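Written below as structure tokens is the structure these notes are about.
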Amino acid sequence: MDFENVAGETYYVTYDKFRISDEWGDYYISTLGTFERSDETIPEWCPANEIFSNETCERTCEAPDTCISATSRTESEQCVCVGDYLREQGQCIPLNQCNCFVADKTSVLGEGHFYSNSRCTQRKTCRNTRLLDESYQCSSHATCAERNGVRKCYCNPNYQGDGETCTSVFPKDCYELYVSGTRSDGVYTIYPDGWPSGIQVYCEMESNGGGWTVFQRRSSASVDFYRGWSDYKNGFGNKNQDHWLGMKYIHSMTNQKPYQLRIDLRDSGSSSKYAVYSTFSINNETDKYRLSIGRYSGNTGSADMSISNNKQFSTKDQDNDKYNSYSCAEGHRGAWWYHLYYYYCYSYCGTSDNLCSYIPVGNCCLRCTNSNLNGDYDGSTQGKNMFWHSYRYSYSYSLNGYGCSLQYTDMKIRPV
């Protein structure tokens, strides 16, 4: 047998006998005889699965994607693992014998790398040279795909994340900001449907589970809430303090996904209560921002905003309460979802012992709502102040009762 290396040097070896069996014996070498070689030094014989080469890219089971650096070679030629063979503890073995070999991928994973199945429902991860099977699920805003040789969940355009969790690059509300890691209360820019340039809102991130978008706050008499349709449509006040976000924004937000509503109240005695409605949305301006709310829960005593469900919004200059003889928005001095539903005449209607939610009209009383959080901030004028009509022990009420002397309110939404 004659050999020649890459430098052009030749060598030979001889065996004085050579015999192989027939086909039935699988052509087995039965005799070789005495071995002789040329006087020159013959090449070293490489171990199994290795070749003598100047190849610089030798891989290992632990780092299948990393080649040996050419500068680390001590000789121009040596025995190396190449092709589908990888080095493992000094030996050269087929890649399918490496512990992190993935049959579906027909390759070996490096430490910490993973491989997902065709539907991205299962994932194999290489940990300490062992494959671990894990469940895997794409976010509703992600797509299972293979990119640059890696199959995984990839967030859709305008979303970012690891594929399992994707948050909008342009957050639609405070909750999407919260999910992306924002945890401090304050004013942020969000991008609801229909507002590509964004709007500024106050986000409550530190209490009640975080992720709430505030659209109303009352804490003092510094901001006048007895305003017309245009102001309530476009918003007014300071987002960091007392304000109304604006009906056009609230409409866009509450129609882009299902939301719940939370109302926090505090009275003059610093007693705090809350009401939560399972769903909350308002229709467009054509329908006068008609209200739709769901099931009530909380500790305010009663579902006082429920009477406003399916009612249109009214302001002092746009009366949509469906009562032609009287303007509820003027009577209650606040914009709200009104509908006159209680009217009676008795001699005591105008006295201070009557409900703060009733409006005195001569010797008569009328009530357009069980709640009005946009009324005057003074807690004294019957029917015209901020109130939340709540039942007390013996069904007796006064201007000093809870809900008739509110000192703080806020209204906020979060996705269901």
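Structure notes:
- Length-normalised contact order of the chain in % [C-alpha pairs under 8 Å, at least 6 apart]: 9
- Within a Gaussian network of the chain (alpha carbon springs, distance under 10 Å), most fluctuating of Gly209, Gly83, Gly25: Gly25
- Ellipsoid fit via the Cα gyration tensor, the chain: semi-axes of 84, 19, 17 Å, each the root of five times an eigenvalue, largest first.
- Note on the stretch 86-210: the alpha carbon radius of gyration divided by the globular reference 2.2 N^0.38 Å gives 1.48.
- Tail weight of P(r) past 20 Å, computed on alpha-carbon pairs of the stretch 111-179, percent: 35
- Orientation-averaged projected area, Cα convex hull of the stretch 220-269 (nm²): 4.6
- Residues Cys57 and Phe35, FRET efficiency given R0 of 41 Å [Cβ-Cβ distance, rounded to 0.05]: 0.75
- Contact order relative to length of the stretch 145-280, as percent, for alpha carbon pairs under 8 angstrom and 6 or more apart: 14
- Pairs spanning more than 24 Å between alpha-carbon atoms, out of Lys233/Lys412; Lys273/Lys316; Lys273/Lys412; Lys172/Lys233: Lys273/Lys316.
- Note on the chain: with a GNM built from Cα contacts shorter than 10 Å, the maximum mean-square fluctuation among Pro360, Pro171, Pro94 falls on Pro94.
- Computed from the C-beta positions of Tyr296 and Thr143, the FRET efficiency with R₀ = 45 Å rounds to 0.70.
- Whole-Hz Karplus values for the stretch 305-312 come out as 8, 5, 5, 8, 4, 6, 9, 7 Hz, taken residue by residue from phi with 6.51 cos²θ - 1.76 cosθ + 1.60 and θ = phi - 60°; glycine and proline positions read x.
- Relative contact order, percent, the stretch 68-167 [alpha-carbon distance under 8 Å, six or more residues apart]: 14
- Exposed GluC sites (Glu not before Pro) absent: longest stretch of the chain, with sites in DSSP loops and at most 16 other Cβ within 10 Å deemed exposed: 207-416
- Cα-based shape type of the stretch 183-238, given that a ≥ b ≥ c are square roots of the gyration tensor eigenvalues and the cut on a/c is 1.5: oblate
- Accessible area per residue for the chain is 52 Å², calculated with a 1.4 Å probe on protein heavy atoms, without ligands, DNA or RNA.
- Per residue of the chain, the DSSP helices (runs of n ≥ 4 H) give a summed -39500 (n - 2.57) that works out to -1500 deg cm²/dmol at 222 nm.
- Positive-pole candidate from Leu366, Asn49, Gln89, dipole of the chain, charges at beta carbon: Leu366
The values are calculated or read from the model by the stated rules, or taken from the named source; none is laboratory data. Quick caveat, the model's predicted, so the values are computed rather than measured. All Cβ positions, even for glycine, are placed from backbone atoms using ideal geometry, and neighbour counts span all protein chains on display. Each accessible area value is taken on the protein alone, full model and side chains, heavy atoms only, with ligands, DNA and RNA left out. Shrake-Rupley method; radii C 1.70, N 1.55, O 1.52, S 1.80 Å.
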